[in-house]
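This report refers to the structure that appears directly beneath it.
The values are calculated or read from the model by the stated rules, or taken from the named source; none is laboratory data. Since this is a predicted model, take the numbers as computed values, not measurements. Every residue, glycine as well, gets a Cβ built from its backbone with ideal geometry; the counts of neighbours run over all protein chains shown. Heavy atoms of the whole protein, side chains included, go into the accessibility calculation; ligands, DNA and RNA do not. Shrake-Rupley method; radii C 1.70, N 1.55, O 1.52, S 1.80 Å.
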Amino acid sequence: MSFESLGLAPALLRALAEQGYAEPTPIQAGAIPPVLEGRDVLAAAQTGTGKTAAFALPLLQRMSQGRETQTRRPRALVLTPTRELAAQVHENLRDYGKHLRVSSTTIFGGVGMGPQVQVLRRGVDVVIATPGRLIDHMQQRSVDLSGIEVLVLDEADRMLDMGFLPAIRRILGALPKQRQTLLFSATFAPPIKALALDFMRDPREVSVTPPNTVAPLVSHRVHPVDASRKRDLLLHLLSQDSRRQSLVFSRTKHGADKLVKFLEVSGMRAAAIHGNKSQNARTRALSDFKSGRVTVLVATDIAARGIDIDQLPIVINHDLPMVAEDYVHRIGRTGRAGAEGLAVSLVSHDESGLLRDIRKLLDQDIAITDVAGYEPSAPLRLDAGAPRPKQGQRQSSAPRPARGGNGHGGQPAHGRTGGNRGGNGAAAAANGNNAGRSRGRRRGGRGQGAGQAH
Ligand code: AMP
């Protein structure tokens, strides 16, 4: 299969050759032809599958043909859950469209409205926006969406998770009914199907990876460790190859900051990327990481969406995510494009239940191996009563009082109490009052203001 055979224009083929892309990925081969035909497409594809080019290439082709010279209204709208993803899509559009005269711009929060208003006023073909800021522009009438011919919902599942459904509905209401709609999502969960039914016309479904599976070239490794020793173990693992670029996930923003401080004090070059950082700080952290100035990037789940780093050899979960699907998203950063990847998770006893969820979702065993010198005092539990941290729990990297106390304060989510064995229960007891939320997020969200929570 070649890009030529998909019907792409010579200017795009040239840009792809310059990018070094030899052939289309499966999602590109599946989605590009129906998109070029003008059909609505519902595509299941995770980050790392080449999904951006799957919509960006045919979108650029359409924009380059039949340009309306009289109008300055945008003709295509790409909605993304995060600023990082918007910036990434923009960069890709520019790369692929470098031999075409198609203009694009990003519209997202955290930066001034003024420059965005000016660009919109001057006129632009493609707008890549996060929902919140686009609504701001709609309210102040600085954007006219009546000329939109193509709408792309990128990472739609994530947008729903972040509570953007009302914003998306509002935006959809402002678009012409006669348009092409492309929806990309990591999964076809029921809310995604419902959205598609509501807003798409006879969509062609393209699904290349079965939902909730991960790249086969990724090996998964779990190291059981006491929560209080996680960061030491992390440092130990990172020190084994200090030149290697590693992406480390932390469950909380505060935890990410603390971890970066700890790593820096220990001589590592680290940076954090999360929603409490300014846009500039995030962009700088990402470019420092890409350039190799920083070798460890510590990210929270939401901030990491849309980070595009080629062939990352290793992703380390300092904490497991509260929602198993996030594990799949996290390790989508490694093992890309045919390269082998390693996903390492440091798992404390109180996270046993989360590991159980992840194993179930992946439907595969994950090797659990102790690291010499960091053996945990309480083994992981993988039975039905395995404990889970409560949402909002103090970060496990925080220094803890010595273990070995009563250790039985933790309330396992499934009501069983045994099995803490003097482990980390005290930490679980000290924190969080949101028991039971862990599974609720997928279904309706992080609630109010969640769009800003990254
Ligand atoms: P995405 O899934 O859009 O985040 O893309 C993942 C990565 O794959 C990006 O770094 C792209 O530049 C790269 N990529 C996309 N399409 C291809 C292709 N056909 N061949 C090689 N790399 C690609």
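Structure values in brief
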{"item": "Residue count for the stretch 242-256, restricted to those that are within 20 Å of Gly292 (Cα to Cα) and either open to solvent by 50 Å² or more (accessible area, probe 1.4 Å) or among the basic types (Lys, Arg) (or both)", "result": "3"}
{"item": "Test result for Arg122, under 19 Å from Asp144 (Cβ atoms), open to solvent by less than 20 Å² (accessible area, probe 1.4 Å), in the same structural domain as Ala174 (by TED's automatic domain parsing) and among the basic types (Lys, Arg)", "result": "no"}
{"item": "Residues of the stretch 151-169 satisfying the condition of being open to solvent by 10 Å² or more (accessible area, probe 1.4 Å) and in a loop (DSSP other than H, G, I, E, B)", "result": "Gly163, Phe164"}
{"item": "Qualifying helices (runs of 4 or more DSSP H) (wholly inside the stretch 1-77; at least 1 residues being away from the ligand (no atom under 12 Å from the Cβ), assigned by TED's automatic domain parsing to the domain that holds Arg121 and more than 18 Å from His90 (Cβ to Cβ))", "result": "10-19, 26-36"}
{"item": "Top-ranked residue in the stretch 331-364 [being over 18 Å from the mean Cα position of the chain (by Cα) and not in a helix (DSSP H, G or I); ranked as modelled with the lowest pLDDT]", "result": "Gly338"}
{"item": "Test: residue in the stretch 78-92 that is open to solvent by 20 Å² or more (accessible area, probe 1.4 Å), away from the ligand (no atom under 16 Å from the Cβ) and outside the structural domain of Ile302 (by TED's automatic domain parsing)", "result": "no"}
{"item": "Residue in the stretch 257-269 that is farthest from Ser377 (Cα to Cα), counting only those that are in contact (Cβ under 8 Å) with a residue 12 or more places away in the chain and open to solvent by 10 Å² or more (accessible area, probe 1.4 Å)", "result": "Arg269"}
{"item": "Hey, Lys98 open to solvent by 30 Å² or more (accessible area, probe 1.4 Å) and either of a type in the set (Phe, Trp, Tyr) or more than 26 Å from Ile302 (Cα to Cα) (or both) or not", "result": "yes"}
{"item": "Scope the stretch 218-228; condition over 19 Å from the mean Cα position of the chain (by Cα) and at pLDDT below 90; matching residues", "result": "Ser219"}
